[in-house]
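The values are calculated or read from the model by the stated rules, or taken from the named source; none is laboratory data. What you see is a predicted model, and the numbers here were worked out from it, not measured in a lab. So basically every Cβ, Gly included, is an ideal-geometry build from the backbone, and we count neighbours across all protein chains shown. Quick note on the areas: whole protein, heavy atoms, side chains included, nothing else; ligands and nucleic acids left out. Shrake-Rupley method; radii C 1.70, N 1.55, O 1.52, S 1.80 Å.
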Amino acid sequence: MRNKIAIFIATCIIAFNCCVCAQNYPAVLNYNFNGTPVNGVKIKTNLPFLNYTQMPTITLEGYNYGTGQTISITLVWYIFDGTFINCSASSQGSYTPEIMLSNEEGKVIIFINDKQYFQRFTIRAYAQGIQETSHWFQSWSTADEALRGNNTVTVPYKNNFAGNVGIGTTTPSEKLSVNGNIRCKKVIVTQTDWADYVFDSSYNLPSLESISSYIKENKRLPEMPSASAIERAGHDLGEVQTLLLKKVEEMTLYILQLKQENEDAKKRIEILEVALDKK
């Protein structure tokens, strides 16, 4: 009787392990290339491009030697009505290449649209609950080929962090605190109370005399933060941009006033010249 119980328990353990293996797929693919790809890295999966059949979680982990970066990317998607939907990627490493999903000959293609020297990574996967089979996670391969499928989408990166995040600091005081330089192609700041009100007819434009007096006393333009305040606490980029725009618009009004005064003075001079010629 004890032997039968032991055999039964062992059978259950084996069955359980098989179920786990059927849901978690370690080392689906190992990639390394001691060179530089010409087109990128095309990952040819064995996942069918079929509606309502899969919600896989694909993880790429490795080493991007060309830039000395770690690779730790998680990729997800769903296929609905012949389209990749709700797809996204998140990166825990420093490597964030453009990733594309495509349908080539009825199979899902993961395309890393980047050409890096001596790159290597491993892929593991998890899938459960929507008709997935273990066969789909076997016989994956890579190729240095251009993408030529259809239903192609570019996967957006979506990394969200709770609380404050610090780069170069362990005590971030804002949602993102960076102790160092930031290099980027574009900064977008949404700002209310933009300074177009300066051109409203009801705006009370300060006199140049008051501006001159303020500059002599404070060594800066009115409303602008002092150098010591900037050094101590920094400044709100949107707020200062609004103030700068306000000063430019006020300067424009002063120039227009001076232009009008100049034209009036010319007319008076012309009238005087005519009067003198008649004498």
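Which of the lysines could a cross-linker span from Lys266 if the Cα-Cα distance has to be under 29 Å and same-chain partners fewer than 8 positions apart are dropped? By straight Cα distance, Lys266 reaches Lys247, Lys278, Lys279. The residues of region 126-234 expose on average 80 square angstrom of accessible surface per residue, using a 1.4 Å probe on protein heavy atoms. In this structure, the amide hydrogen of Tyr117, modeled 1.01 Å from its nitrogen in the peptide plane, lies closer than 5 angstrom to those of Gly66, counting only residues at least 5 positions away or on a different chain. Expressed as a whole percent, the accessible area of the chain that falls on carbon and sulfur atoms is 55 (1.4 Å probe). Near Ser90: Cβ cut-off under 14 Å, other residues only, Lys/Arg at +1 and Asp/Glu at -1. The net charge is 0.
Amide H contacts for Thr152 (H built 1.01 Å from N in the peptide plane; partners 5 or more residues away or on another chain; cut-off under 5 Å): Asn103.
For Thr154 and Gln260, what is the calculated FRET efficiency with R₀ set at 41 Å and r taken between the beta-carbons, to the nearest 0.05? With R0 = 41 Å, the Cβ-Cβ based efficiency is 0.15. With a threshold of 27 Å on the Cα-Cα distance, the over-threshold entries among Lys42/Lys175; Lys216/Lys246; Lys216/Lys259; Lys185/Lys216 are Lys42/Lys175; Lys185/Lys216. Taking 7 Å steps out from each Cα toward its Cβ at Ile215 and Arg124 produces label points 6.6 nm apart. Across region 177-185, rounded Karplus estimates of 3J(HN,Hα) from the backbone phi angles (6.51 cos²θ - 1.76 cosθ + 1.60, θ = phi - 60°) give 10, 10, 9, x, 7, 10, 10, 8, 8 Hz, Gly and Pro being marked x. The dipole here belongs to the chain: it is taken about the Cα centre, uses +1 on the Cβ of Lys and Arg and -1 on the Cβ of Asp and Glu, and is about 1080 debye. Over the residues of the chain, the helix contribution to mean residue ellipticity at 222 nm works out to -10000 deg cm²/dmol, using -39500 (n - 2.57) for each DSSP H run of at least 4. Work from the charge dipole of region 105-188 (Cβ charges, +1 for Lys and Arg, -1 for Asp and Glu, about the Cα centre) and give the residue of Gln131, Gly163, Leu147 farthest towards its positive end. Checked the options; the winner is Gly163. Listed options for percent of Cα pairs over 35 Å apart are (i) 32; (ii) 13; (iii) 53. The value calculated from this structure is the one marked (iii).
Across region 107-144, the residues whose backbone nitrogen lies under 17 Å from the label position 7 Å along the beta-carbon direction of Ser94 are 116-120.
A simple charge model with +1 on the Cβ of Lys and Arg, -1 on the Cβ of Asp and Glu and nothing else charged puts the dipole of region 222-279 at about 320 debye relative to its Cα centre.
Taking θ as phi - 60° and the Karplus parameters 6.51, -1.76 and 1.60, the scalar couplings of region 169-176 work out to 8, 9, 10, x, 9, 10, 4, 9 Hz in sequence order, x denoting glycine and proline. Stretching the chain fully between Glu174 and Asp193 yields a gain of 4.5 nm (0.36 nm per residue, less the alpha carbon separation). Which of rounded, prolate or oblate describes region 204-279 when judged by the alpha-carbon gyration tensor and an a/c cut-off of 1.5? Prolate.
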